[in-house]
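Scroll down for the structure; my scribbles are underneath it.
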Amino acid sequence: MDFTIPDDLAEFRKVVRRFVDNELLPYEDHVEEHDGLPEEVERSIKKKAVEIGLNAIGMPEEVGGAGLDVLGQVLVTEELFRALGGLAEVVPTAPSILLACDDAQRERFLLPCVTGDKQWCFALTEPDTGSDAAGIKTRAERRDGSWVINGRKRFISHGDSADFAIVFAVTHPDREKDRITAFLVERGTPGFAVGQTHKTMGHRGYRQAELVFDDCVVPAENVLGEPGHGFDIAHGGLSSGRVMTAARCLGPMARLIDEGVEWAKQRVQFGRPIADYQAIQFMLADCATDLQAARMLTYSAAWAADQGEAAKIVSAKASVAKLFASEALGRVADRVLQIFGGTGYMNETYVERAYRNARIERIWEGTSEIQRIIIARNLLKRGMFA
Ligand SMILES: Cc1cc2nc3c(=O)[nH]c(=O)nc-3n(C[C@H](O)[C@H](O)[C@H](O)COP(=O)(O)OP(=O)(O)OC[C@H]3O[C@@H](n4cnc5c(N)ncnc54)[C@H](O)[C@@H]3O)c2cc1C
């Protein structure tokens with residue numbers, strides 16, 4: 001494995017660090033307090049992100065993305081997520097599933113996401129199906145050359161503000177395989193409404209909403225990919241999605257450790273900085289070990305993807321990275337909060353915010369239990385995926 005960082009990527013990371021310091025960190029208090037940003041600030045962040053080429057980092061250059069390989073995306077994501085998620089998520093992205101767009105869809109959906117002019121959301125989860133995604137109940141039926149969607153989605157990130165939703169619905173209920181189709185459904189389509197929005201534990205400014213489809217008529221040209229093959233195109237991006245979730249955990253871990261070290265050096269109790277006490281040193285040492293291990297697992301999964309290793313092997317490595325990094329972040333946040341003592345329980349500190357934000361990483365993009373299932377299945381079928 002060679003994790004040598006090319007010069008241009010090292011340079012780009014510095015640019016991203018400056019962007020985070022200057023454009024995102026100053027708004028952390030605001031986003032915490034108001035659960036969002038003023039519109040003009042959000043627009044300005046998006047514009048500046050596009051100016052420095054931070055938009056859609058994984059998208060190919062021919063559609064306006066940065067065209068980074070997976071390891072490059074991991075390194076940039078790690079840097080970007082030193083900022084709270086509600087701010088880092090403002091940077092324009094386009095999900096890889098949109099590469100399945102045909103020419104007309106590219107113009108309407110993919111390209112405006114790359115430039116930050118349109119916001120998407122990914123609508124798979126339903127009230128009765130989360131981990132068991134193949135069990136979704138939302139139905140789409142053909143009628144007069146169009147599709148009519150009925151059902152409900154929930155916990156859909158920025159579902160309340162997205163310009164369009166990538167909606168998964170059962171179109172071929174009698175088949176054993178190839179039952180589900182992906183649709184591009186624009187906000188304002190009759191029969192498509194936003195239902196309940198949730199107040200959540202963390203990630204202020206990054207809201208989840210329920211989406212309701214009630215005889216929602218979608219033209220045939222809004223089918224993404226082939227009817228019945230919605231999961232095939234979604235699965236293409238799943239492994240890299242898990243690697244990126246792992247990468248999103250590295251930034252907060254690094255910042256928590258920096259803050260923990262600084263605090264331990266300057267906080268004096270019993271006449272000495274608490275950093276002098278072995279109990280504190282051991283917590284910091286365990287944090288550093290967790291971060292280093294999470295980094296190596298994440299880089300190695302990204303490297304495997306970039307080398308074109310077999311999809312099942314990449315999938316197992318991505319699950320290992322996601323499982324470990326998300327659980328390591330929870331441990332690091334807990335230890336650093338302990339090092340801060342009561343101060344770490346106060347909302348104005350980064351550690352309190354990071355502690356709450358960390359919890360979701362073990363749930364979304366597949367829970368820790370689902371990652372263990374993927375890893376164990378691979379192990380039992382193929383042996384250790386070295
Ligand atoms: C903040 C947030 C944002 C989200 N954003 C999106 C989004 O944008 N789009 C979207 O489609 N979804 C989104 N989700 C949904 C998310 O992907 C699901 O919450 C997640 O997949 C888990 O599903 P669930 O919550 O229904 O839990 P369940 O599937 O009901 O699981 C409950 C518990 O049972 C365990 N479990 C389930 N099956 C098994 C098994 N076979 N063996 C052992 N244990 C098992 C789980 O690990 C978990 O501990 C979001 C969720 C949250 C909380």
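Which of the residues that make up segment 122-135 are within 6 Å of the ligand (Cβ to nearest atom), open to solvent by less than 50 Å² (accessible area, probe 1.4 Å) and outside any loop (DSSP other than H, G, I, E, B)?
ALA123
Would you point out the residue of segment 140-169, among those that are out of contact with any helix residue (DSSP H, G or I) (no Cβ under 8 Å at 6 or more places or on another chain), part of a loop (DSSP other than H, G, I, E, B) and more than 17 Å from THR125 (Cβ to Cβ), that is nearest to the ligand (Cβ to nearest atom)?
SER161
Can you name the condition, by its number, that LYS177 falls short on among (1) in contact with a strand residue (DSSP E or B) (Cβ under 8 Å, 6 or more places away or on another chain); (2) closer than 12 Å to PHE231 by Cα; (3) free of Cβ contacts under 8 Å to residues at least 40 places away in the same chain?
Result: LYS177 passes all but (1).
Looking at this structure, is MET1 within 21 Å of LYS118 (Cβ to Cβ), touching a helix residue (DSSP H, G or I) at 6+ places or on another chain (Cβ under 6 Å) and of a type outside the set (Lys, Arg)?
No.
With the requirement that a residue be near the ligand (Cβ under 10 Å from one of its atoms) and more than 12 Å from ALA123 (Cβ to Cβ), what does segment 199-217 give you?
THR200, MET201, GLY202, HIS203, TYR206, ARG207 - these are the residues of segment 199-217 that are near the ligand (Cβ under 10 Å from one of its atoms) and more than 12 Å from ALA123 (Cβ to Cβ).
Evaluate segment 170-182: report whether one residue or more is open to solvent by 30 Å² or more (accessible area, probe 1.4 Å), within 9 Å of the ligand (Cβ to nearest atom) and farther than 28 Å from ASP35 by Cα.
No, segment 170-182 contains no residue that is open to solvent by 30 Å² or more (accessible area, probe 1.4 Å), within 9 Å of the ligand (Cβ to nearest atom) and farther than 28 Å from ASP35 by Cα.
When you check ILE360 against the structure, is it crowded, with 17+ Cβ neighbours inside 10 Å and farther than 19 Å from ARG248 by Cα, yes or no?
The answer is no for ILE360.
Does any residue in segment 129-155 that is within 16 Å of LEU184 (Cβ to Cβ) come within less than 6 Å, Cβ to Cβ, of a residue that is near the ligand (Cβ under 9 Å from one of its atoms) six or more places away or on a different chain, and which pairs are these?
Note: pairs meeting the criteria are LYS153/ALA123; LYS153/GLU126.
Within segment 185-198, identify whether any single residue is closer than 28 Å to VAL70 by Cβ and open to solvent by less than 30 Å² (accessible area, probe 1.4 Å), and answer yes or no.
The answer is no; no qualifying residue exists.
In this structure, is GLU107 in contact with an Asp or Glu (Cβ under 8 Å, 6 or more places away or on another chain), more than 15 Å from the ligand (Cβ to nearest atom) and outside the structural domain of GLU40 (by TED's automatic domain parsing)?
no
How many residues does segment 136-169 hold that are open to solvent by less than 30 Å² (accessible area, probe 1.4 Å), more than 22 Å from ALA220 (Cβ to Cβ) and among the aromatic types (Phe, Trp, Tyr)?
Count: 0.
Out of ALA311, ALA318, ALA294, ALA305, report the one residue that is away from the ligand (no atom under 16 Å from the Cβ), closer than 30 Å to GLU126 by Cβ, surrounded by 21 or more Cβ atoms within 10 Å (Cβ to Cβ) and not acidic (Asp, Glu).
ALA305
The values are calculated or read from the model by the stated rules, or taken from the named source; none is laboratory data. Predicted, not measured: the structure shown is a model, and the values here were computed from it. Because the Cβ atoms are built from the backbone with ideal geometry, glycine has one as well, and the counts that use them run over all protein chains shown. Accessible surface is based on the protein model in full, side chains and every heavy atom, while ligands, DNA and RNA are left aside. Shrake-Rupley method; radii C 1.70, N 1.55, O 1.52, S 1.80 Å.
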